[in-house]
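Read the figures in this text as sums done on the coordinates, not as results from a lab. Keep in mind it's a predicted model, so treat the numbers as computed, not measured. Here the Cβ is made from the backbone with ideal geometry for all residues, glycine too, and neighbour counts use every protein chain on show.
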Amino acid sequence: MLTIYPVIAGAGIIISIISAKKKAPFYNYIGILMAMYGGLKSVEFFAPPLPGQVILMYMAMSVFTFIIYFSIREEQFQAFLRPMRTVLADDSKRIPRILIMYILLPVLAGFITYGKVMPKLAPPATARIVHPEPPASITYRGKSINILGIENPLRKDEAAMAVHIEAGKKVYYQNCFYCHGDDLDGNGHFADAFNPRPLPFRGTDTIAQLPEGFVFYRIAKGWTTLPAGSTPWDSSMPSFEHLLTEEEAWQVTLFIYEATGNKPRKM
Ligand code: HEC
């Protein structure tokens, strides 16, 4: 079914070019709409599909906009209406009229209704892996860091821990709480807008299950380097590599553990 959309788009482009040359605005109009519809649907080939509602709104607006456009000049509007007039009223066009009014349109309406009513046999959605295997090493601003099994380097200096936690708190409330919540419960004020939702750090299901290197990696890279098992990559988790220094990223990691009373998993 999917492959038909580029064909519709291509046919639409060809029809609109030929009809523009031949000064046939009605067919030009049909061609433009076909090209737009096929094009919007073909987005699926390289990006997540556009929501049906968006396409519907866009097409409805285009249908009216182009009618206004074609009706600006009187003689063009007459030419635009001519094919419809001849088919609907001309005695010489009785057979096309019967074909269109009594066969094509009812079949089309039936087809659309059938498509809407038919239950869809979609394969079950594949589960998105929430905690994929972390890569062994990542680069942070070009510097290679081995993250497998490492603990937060800031934990080495017990005396400075309080300072780092305080700094991490600042980083958190400047960058993360919009999504992850001011109580670190995943209920930030943007949270309802995202699917998947930002994860809570409280409780024992998220960061408590993770080694600290993995959490650091998620903060550094966000959704951007998740492996194939985590498709679709529709997570809104940003990559903070270029917004936070390496130390700040470790500080906020420290903070989200300390503030929730969680301990990182040891590998
Ligand atoms: C725009 C919203 C948004 C912001 C801002 C944001 N996150 Fe996230 N974050 C998410 C979403 C959504 C997820 C869950 C989906 C995923 O795992 O990619 C997530 C997941 C995570 C995870 C993975 C947790 C787990 O259990 O796998 C960590 C760690 C994390 N975020 C830390 C942070 C930190 C620290 C900041 C601030 C420096 C931050 N996030 C800012 C949206 C956000």
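Just the residues that are of a type in the set (Val, Ile, Thr) and under 16 Å from Thr253 (Cα atoms), please, taken from segment 205-237.
Thr206, Ile207, Val215, Ile219 - these are the residues of segment 205-237 that are of a type in the set (Val, Ile, Thr) and under 16 Å from Thr253 (Cα atoms).
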Give me the residue from segment 199-224 that is more than 10 Å from Met237 (Cα to Cα) and among the charged types (D, E, K, R) and, out of that set, surrounded by the most Cβ atoms within 10 Å (Cβ to Cβ). Glu212
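Take the conditions of a type in the set (A, V, I, L, M, F, W, C) and away from the ligand (no atom under 11 Å from the Cβ) and apply them to Ala249. Does it pass?
Working: of a type in the set (A, V, I, L, M, F, W, C): yes; away from the ligand (no atom under 11 Å from the Cβ): no.
When the stated conditions are applied, Ala249 does not pass them.
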Give segment 204-227 a look and list any residue that's more than 9 Å from the ligand (Cβ to nearest atom), within 20 Å of Tyr178 (Cα to Cα) and either in contact with a Gly (Cβ under 9 Å, 6 or more places away or on another chain) or free of Cβ contacts under 8 Å to residues at least 24 places away in the same chain (or both), or say none. Thr224
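Within segment 81-99, count every residue that is farther than 15 Å from Tyr27 by Cβ and surrounded by 10 or more Cβ atoms within 10 Å (Cβ to Cβ). Write out each step before concluding.
Keep residues of segment 81-99 that are farther than 15 Å from Tyr27 by Cβ, which gives 88-95, 97-99.
Imposing the further condition that a residue be surrounded by 10 or more Cβ atoms within 10 Å (Cβ to Cβ) reduces the set to 88, 90, 93-94, 97-99.
Adding up the residues that qualify gives 7.
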If the requirement is being more than 7 Å from the ligand (Cβ to nearest atom), among the hydroxyl-bearing types (Ser, Thr, Tyr), surrounded by 14 or more Cβ atoms within 10 Å (Cβ to Cβ) and without any contact (Cβ under 8 Å) to a residue 60 or more places away in the chain, which of these qualifies: Ser239, Ser235? Ser239
Could you please find all residues in segment 166-193 being closer than 13 Å to Pro238 by Cα and polar (S, T, N, Q)? Asn175
